Amino acid sequence: MCWQAFLLVACAATYIAFHWKYPAKTTFPTPEELVQFDGFGSAHIISAEDLDWYVGNSKAVPLLAILNQRNQEIESKIGGVRQLLVDFGGNFASPSVQQVREFVDGGSMNNAVIELANFQLNLAPGSQANGGDRVLNLLEDRLRELSRLRSAQEQTRSLLTPPRKLMFFWGNPWGIAAEVIAWSLFGLFASLLFHSAQAVSEGTFEKSETIVGWAKFFYTPIVSIVVVMAVVFGVMNVESVETRVWMIPLLGVLCGWNCRKSAVLVDSLSDWTLGRLARSLNREGRTAVSASISEIQNALKLPETFDEIADKGKEVAAVMVAKELKNK
């Protein structure tokens, strides 16, 4: 039993040392890598699969709904800002007009507001006649609103992170493989210690089992990786439980503890997979997107058909008219 205990302690020490040097937090994608903004602050999903895997459906969908609501507000203001920029250029001939446009197109609403304010300060008295003052005031208000909406979007996006209590484990592909190997070995060594101690206490321990233990040491990590890959790729699933990145260590340690059952499972998986591959030669297969990923994709769904675009335009126009009437 001494060698099992030594290997368990050595494995644990190595695991802790590597986690100390390479913190798990650095292996997870940042919110900016999951959702990106255009120049005006409208949010767009980069990968629904990554959101589902790293953040989880229950946390991601409500936050994406908030982002989508602000997307609609931003859409309703963009047209008004562009028209005000045209009026701005029509009322004033100044390099500041082009500078403000460049700031707006680049998404720098705060810089656009500052440039507009400096332009107003440098205007000669009486040069804001013929509605110029109204254009400047409206444009400044709209730019401030877009700046506020973008700041709110950034704050909401920053919440698209995995639960803090579960960010102890590595989250990138190589890190996940290392977690599976490490935790499968933890499970294996713990199982060997438990069953060896039980056999010794019952007087049934046989030295030949030592060779079996060394054999498990080599094949358990491979078997565990195969099982975890099957779960990650959706070939197998744990019923009534959503599989996320933070479940990987649990699967690894269970595969290590019951390495013989894991090997039998891989054998069954091999028969099932190869059988389906053989049958697929005679028919076409199709890939289905999971319900949770579909829900994430629909959270920021853009109009696709002409009718959807027309309905979207009516909604934006109604909002713009209501805002203008309210301002008057």
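Any read-out appearing in this document is the output of simple, stated calculations on the displayed coordinates, not a laboratory observation. What you see is a predicted model; the values in this text were computed from it and never measured. Note that each Cβ is placed from the backbone with ideal geometry, even for glycine, and that neighbours are counted across all protein chains shown.
Before moving on, here are some points about what is shown:
- Summary value for region 30-125: 25 percent relative contact order, contacts being C-alpha pairs under 8 angstrom separated by 6+ residues.
- If you plug the beta carbon distance of Leu274 and Ser158 into 1/(1 + (r/R0)^6) with R0 = 41 Å, you get a FRET efficiency near 0.35.
- Panel order for Leu138, Leu274, by other beta carbons found within 10 Å of each beta carbon, from fewest to most: Leu274, Leu138.
- Calculated from the alpha-carbon coordinates, region 14-163 shows an Rg and a Dmax of 20.7, 76 Å respectively.
- Between Ala117 and Phe233, the distance separating the two model label sites (each 7 Å from Cα on the Cα→Cβ line) works out to 5.7 nm.
- Close amide H pairs (under 5 Å, H built 1.01 Å from N) link Val35 with Ile46, residues at least 5 positions away or on another chain.
- Rounded if a/c under 1.5, otherwise prolate or oblate - region 1-90, Cα gyration tensor axes: prolate
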